[in-house]
Structures are given as C-alpha cells and as structure tokens.
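Asker: Handing you a structure now.
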C-alpha cells in the first residue's frame, strides 16, 4: 500500500500533514538534528555541504573552483551571479548534496575580517542582488540553498561568543536587506543563524530575528539551521525558531534534551511539528522524495593540466564558466600612461613574486574549494607570448608565504613542512589541561614531525601543548621558520626564542635563524588554544625555507632591471577562524615591489588578495590589477587582462582605505570590541557611506574600476511610471563608448536623501553591466522603486519614504558622479512602500537600447 505522503498528486502541504501524522517524536527530532528517522517512512537523508564559493569537501573530492565570492561581487553583474549559482548547484547535485550551506551575504564591515572574501562586499543592495541571483542559480538545479550567517556576523575574533550591539534601524537598513531579499526574491530554502550574539542574544536563540523578523515579518516558510556547534540551548532555541541543529556529534541539544523538554511540557508539540514540517516542506518541494539521490562522487571536475607549457589541454565542464567569471571580476585599479594592455609581441617581461607560481585560487575555511587543476599566472604569460619573439624571465622575489596549515587548506607551499628526517629522534608531544603548560601532562605521544590537526588526527585536544626534540638540517643556511596555527605559539631553537606569537596576533608567524649542516640543535614548540577553548579547526604546523628574502629580492631586482616590463605578483591569505592583524601584505612583499619599481618604471602589480591591502608603493608603480582569489582558471584570466584579450570590467565591491586608521571603525569598542562587546556606533555609515559623509578620499573608492576604453554619460531624464503595478521612477540616460575598443560600462545609480532623513549622503540603489561597442551609444533605462527611497521608522516599525526632494546620481564609482537629477516622490509612490515587498523588487528590469 502506497504511503499517502509519497503520492505526487497531493499538494506539498497535504503530503507534509500526512507524513507528520505518521512520524513519532523520535522521528521528528532525528530529522531536526541530522539523525535518521525510521527507514520505513522513506524520508531521504538530508546531505549537507559547504558551498559559498563552490562545493567544498575532502581534498580528494575535486570540484569546480570558482572565483571567491568577493570577486563575484566585483563583477557587478546579476547574470554572472546567476551563472555562479548554476555551476555550484550542478556540482552539488552531482556530488549528492541536497542542502548547500551558502551563499554568505554578511557585510564587509572591516577589511580585517577573515571572511571578507566570502561575502559580496560592503553594500546591502549589491550583496542582496548578487546573493539572490546565486541562490536562484543553485536552487534551479534542485539543490536547497542555505543563506548565512544571520545576522551581524562581521568578524572572526571571538566569533563564538562575540556580541554585536547594533540599533534596529542599522540592522534593517544595512545588515538585514540581503537576507530579506534572499527570502522574498530568492525564495531561499533555509537560513543559517550565526555564532555571535546580537544585542545580547545568540543568533541561534534570537526570537526577535528568527520569529519576529524572519518568520512573521518576512513570512519565511523555509527552515533555520544553526551554524556548526552554534546552538546554545534547548528550550530557548526551539522557542526562538531554530529548526535544525547542526552539530558534531549529533543530538547535543535537539536530541534527548529536546525530547525531555517536550515530555516535561516545556515545549509544545506544535513547535516540533512546525520545525519538522518546515524541513519536510522544503525536501518535498525540491523533489527529494520523488527522485533517486546521487551518491557522493569522488570529484565533479576532472583536473586540467597543471604544466607550465600545456595550456592547450581540453578543459572539462564548468572550466569555461570559471574562466568567464574570473574575467568578469578582475578590477583594473591603476593604469598610468595606459601601460596596459601589454603587447605580446617582442620585448622582455620580468615576472616577479612567488604568487606568480603559488597563486591563491580560493580562500580558506568553509569557503575553500579543493581543486587540482589550474594554470599558474607565470605559465599563462609564457604561453601567451610563446612564438612571438618575446622573452619571459621569472624570479620568486621572496620566500614562499604559507597560507595556513597545508593539510587543512592545500597550498603550493605544502612542501615547506619540515620532514621527519630532520628530527632524528622524533618529537615528544606533551599536552596540558592548563593554558600555560603548567601542571603535569594529561597526554603524551611521539610524533615524526609537527603537522597536526587535533580533530582529524584523533589527538585529544587540550588547552596547551608542547613538542620537544632536536632539529638537524642538511645544509648550512639561514632558515626562515613558519608556524601557522589556530592559537598562540612559541618556537625555541637552541634555547633562543625565534617566534613569539603567544598572544595570538596572526594565523602564521615567521622567525629566522642560521643553522649548520649536520649540527643538531634542541627545538621546543609551544601552543595554547585561543581563550583556552578548542577552535573550530585546532591545528599547528612547523615549516621552513632555506634562504633569505634579501638574496631573493636582489635576484628579482636584477631580473626586473634587465626587462622592458616587470609584473610583480603578491598575495595575502584570508580564512575563516582568523581575522587579519593589519592591512599590510605579509612578509617582505611591499619591500619587493618598491625595490622592483625603483629599477623599472614599467612595473605592474597584481594583487592576489581577498580584500584591501595598504599600498605604500602605489605612486612608484605604473599599474595595479586586483585579481582577488580568482579560481581554477585565474592564472589565464589574469594573463588575458594583462594582454588585452579581455577588457577589464570589474568594480570594487568595497572601499579600499589608505590605511587601517582611515574609515568608520576608529575605536577598539567598535572593533574588535571591549571584552566581548562590539558596538556598531558608526551606525549607517558603513564603507563608502562613511567616506562620503566625512568627505574623506580613500585609496580607491567603492565602485571603482578602469577599462581599456572610456565612456561618456549624458542626457539624463527621470519619469514616474508604473512597473509591476507599483509606482516607480524611470531613470534614462545615454552612454557612449568614446574609445577604440568594445567594453562593458557599469553605471551605478545612487540617491541622496533629504537632509531631514538623517541618512548617509550617497547610497547605491541600482546598477547594471552593459556591453557597448566602440563608437556606439545606448540609451540605458534603470528603475527606482518605492523601497529605493525608504528608510526604517523604528517607532512605527515599518518602511517609510521621507518627504522632500531626492538627488538621483549616475556614477562610475561612489566618488565619480557623472550625471544628477532631482526627483520628488509622489504621494502615490510614498504610499506604495508596503506593497514593495523586497529591496530588489523590480530593479532587475534594466534595459539598454542602441541609439
């Protein structure tokens, strides 16, 4: 006899009702905490995988490594964002994933946030539009998306317990719109609550956000998932609206403790049915009950060639999409005297920097995507000029810079790990319950070398540990030592303190010491966990490199001085769990750039970073290219931009300040916080809003990006029209490509509010990316809806349009406004705010007609 809930002729709601009636309390609780309900019910297993920038997984599971999400934000392209989601969704579907934990739509409040690369920048509308398009692309493949992290999750320091103190208006106008759009426009299946507290209450038990805003106000019919181990309670969490506990091991709060709470009458059965029903509703809506589920594949993308002279290989599926997306995202920041694009014919090119061979294609943490394919920028440049009478010479310039423990985040520098043969008697590990190595060891064991992840390697994780032994090098040299770890570290060699990161200021620390071949020296390494607690990925690794940066810089200078053009590649690694200590490029990379620029006026810098860095050498170099973490075909995309095969069209999704001191976060109370409290006292003045309001000139503004052509804007007109039965303003203007190359214009539509509204003076409200042939003119038409003009009224708890005249501004960036017009919203438009259900409603209807 067919189970009624398997009858596809019934509505989804009927099937949910029938299934809930057949489930026991144990079945429902198993569904809500990753367990397995009674097999007789036929409920498919909910298979989860991280995926903000592509489907993650064990290192042997190769997937499509797309450009980092921050790069996608730089595309300013909704179609590219949809394609990004499609690729992720297809990979996830083939991987057997039914719930993809992504995208991430948190704001870039500080450039030091270790997850800056994982979101789409500092603007709520750009993040909302990009994230929603990604969600739609994913879910159209039959895979549920889980947008994260709800809400105000904007730093990694103390991320498990940090308290974001933030007023309601700022929440509504800056930090919630991307989530609102995900629900109302993206119809996202699930939302992940954050680790942090919001105004004193953890995200997983925040009834104001989960029940009042999300489920009641936005009418969200999906389910809420906790971050890993982020559930803090049983009764408060279920009452607040948390539906699914994501934890290791399972059943920490939502197994037996929740069953007991139900049996004791603390939690009504109707709440359990609501949460279990929400999960079942999405599983049924996405067809999980009605199709055979894929088993997890070893990989979803066959690796392409990694050889330096083998770029003619046939690439596998999604490689072309990855290349296209990388080309869309690269930003040309500076191009003095039009040094770019380069000619591939004749001349000599010096390629400098270890990043030219050790490109960081993907950031770390839950957004890291393993991929064995990819061509280095050096190989791509060599290939582009091969046979064209051009010469390419390479110099690394600096010692390799590690990007975290190589066994967690695979990097080209994995070979730096000190091998076991350098420790003739091994290393003795002693672990302590104390955080300062005091007391008797609670665990000891011998190790061949120091390359440890407590979670994966099965070693008991304690508050502190030390390793002792002897180190015997095989060559006489000055050695650079690296100690990437998830906590505080110290390294002693022959009794001398070489590395002191006991206060844990950085993901990795560097020290140097000369050692003689065959001479053994005592070695001792110390580690302590952050705040005496286990990090999400507790790990440590001891690495080394023989040689000095001074020698390598001198070799690079000699190479650059003999070349017509020098291209310097530099990088900076960012990852979940760790904020950056500052905005500087790590190691001696700034010195390298300055030294090369001093001998070659045609120096081009390529930034392989996840966000802004300081550029003390900016006035010395001819050009700067922001390549982000560009994915598996990033090396080729960079070469295509450098040689003009691709006309760069990326725009900055966040402001690049001149220094860490410039910007809205000027006090410790604002970031990283005092105690565990982080006060958002800058309120609405986030990113470019602060720079505009304070008339400060950043290094590079939000929305900035150069092209190999130029555009002229004129003839702006505004008109109130009706779109989707809503009164809107239509903004029309001409864009003319006045250059000699085809290119993509990126008009950005900003508004300024009446002064009485107390809003930052300039805010992005729409944007487009439009292909315009050389010498052609198009008539662009963009919309502004009632929501575009609205602000949040905290007294009435609703969106309202303030009275008065607004300035509509068309810009090529937030500081380069090329057209302006004044508009006064009508009473009809003002009254229609409540009908405009989303920040994005109607805004995608940008059109362009050839004039």
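Values quoted throughout were computed directly from the atomic coordinates according to the rules given, and no laboratory measurement underlies them. From a predicted model like this one, the values you see are computed outputs, not experimental measurements. Virtual Cβ from ideal backbone geometry, glycine too; neighbours counted across all protein chains shown.
Asker: Per DSSP H run of at least 4 residues, take -39500 (n - 2.57); add these up for the chain, divide by its residues and hand me the 222 nm value, nearest 500 deg cm²/dmol.
Answerer: -5500 deg cm²/dmol
Asker: Need the full-extension length gain, residue 512 to residue 386, defined as separation in residues times 0.36 nm minus the C-alpha distance. One decimal, nm.
Answerer: Working it through step by step, the gained length comes to 41.4 nm.
Asker: Under 8 Å for C-alpha pairs, at least 6 residues apart: give me the relative contact order for the chain, rounded to a whole percent.
Answerer: That works out to 14 percent.
Asker: Can I ask one more? So how compact is the stretch 1-85: Cα radius of gyration and Dmax in angstrom?
Answerer: 19.2, 55
Asker: Continuing with the same structure: Could you work out how far apart the two model spin labels at residue 850 and residue 715 are, taking each label as a point 7 Å from the Cα in the direction of the beta carbon, and quote it in nm?
Answerer: In this crude spin-label approximation the distance works out to 1.6 nm.
Asker: Same structure again: Can you tell me which of 126-139, 40-53, 6-19, 79-92 comes out highest on packing, and rank the rest after it, using the mean Cβ neighbours within 10 Å?
Answerer: Highest to lowest by the protection proxy: 126-139, 79-92, 40-53, 6-19.
Asker: Where Rh denotes the Kirkwood radius from the mean inverse Cα pair distance, what is Rg over Rh for the chain?
Answerer: So for the chain, dividing Rg by the Kirkwood Rh gives 0.97.
Asker: If you don't mind, there's one more thing I want to ask. How much length is gained if the chain between residue 428 and residue 723 is pulled fully straight, taking 0.36 nm per residue apart and subtracting their Cα-Cα distance, in nm to one decimal?
Answerer: Working it through step by step, the gained length comes to 99.1 nm.
Asker: Place the peptides 478-487, 173-182 in order of packing, highest mean first, counting for every residue the other Cβ atoms within 10 Å and averaging per peptide.
Answerer: Those peptides, ordered most packed to least, come out 173-182, 478-487.
Asker: Further question on the same structure: Would you mind computing Rg(Cα) / (2.2 N^0.38 Å) for the stretch 652-737, counting N as its residues?
Answerer: Here the answer is 1.59, to two decimals.
Asker: Stick to Cα atoms and the Kirkwood definition of Rh, then tell me Rg/Rh for the stretch 414-546.
Answerer: Expressed as Rg/Rh, it is 0.94.
Asker: Over the Cα atoms of the stretch 144-233, what Rg and Dmax result, in angstrom?
Answerer: Reported Rg and Dmax, both Å: 12.0, 33.
Asker: While we're looking at this one, here's another question. How high is the FRET efficiency between residue 260 and residue 445 when r is their beta carbon distance and R₀ equals 35 Å, given to the nearest 0.05?
Answerer: 0.35
Asker: Now, a different point. With the calculation restricted to Cα positions, what are the radius of gyration and Dmax of the stretch 711-850 in angstrom?
Answerer: Over the stretch 711-850's Cα set, Rg and Dmax evaluate to 15.5, 55 Å.
Asker: Then there is this: What nm distance separates the two modelled labels at residue 803 and residue 835, each placed 7 Å from Cα along Cα→Cβ?
Answerer: Rounded to a tenth, the inter-label distance reads 2.3 nm.
Asker: Where the Cα atoms of the stretch 704-766 are projected onto their three principal axes, how long is each span, largest first, in whole Å?
Answerer: Answer, in whole Å and largest first: 43, 29, 19 Å.
Asker: Could you give me the percent of Cα pairs per 5 Å distance bin for the stretch 493-595, shortest bin first, beginning at zero and ending with the bin that holds the maximum distance?
Answerer: Spelled out bin by bin, the stretch 493-595 gives 2, 8, 16, 17, 17, 15, 12, 8, 3, 1, 0 percent.
Asker: Note the full-extension length gain between residue 38 and residue 551 as 0.36 nm times their separation in residues minus their Cα-Cα distance, in nm to one decimal.
Answerer: The residue 38-residue 551 span can extend by a further 178.1 nm.
Asker: Go through 279-292, 108-121 and give me the packing order, highest mean Cβ count within 10 Å leading.
Answerer: Highest-to-lowest ranking by the protection proxy: 108-121, 279-292.
Asker: Using a simple spin-label model with points 7 Å from Cα along the Cα→Cβ vector, what separation in nm is obtained for residue 562 and residue 502?
Answerer: In this crude spin-label approximation the distance works out to 4.8 nm.
Asker: Could I ask something else about it? So for the stretch 577-725, averaging the separation of alpha carbon pairs under 8 Å that are six or more residues apart and normalising by length, what relative contact order in percent results?
Answerer: So the answer I get is 20 percent.
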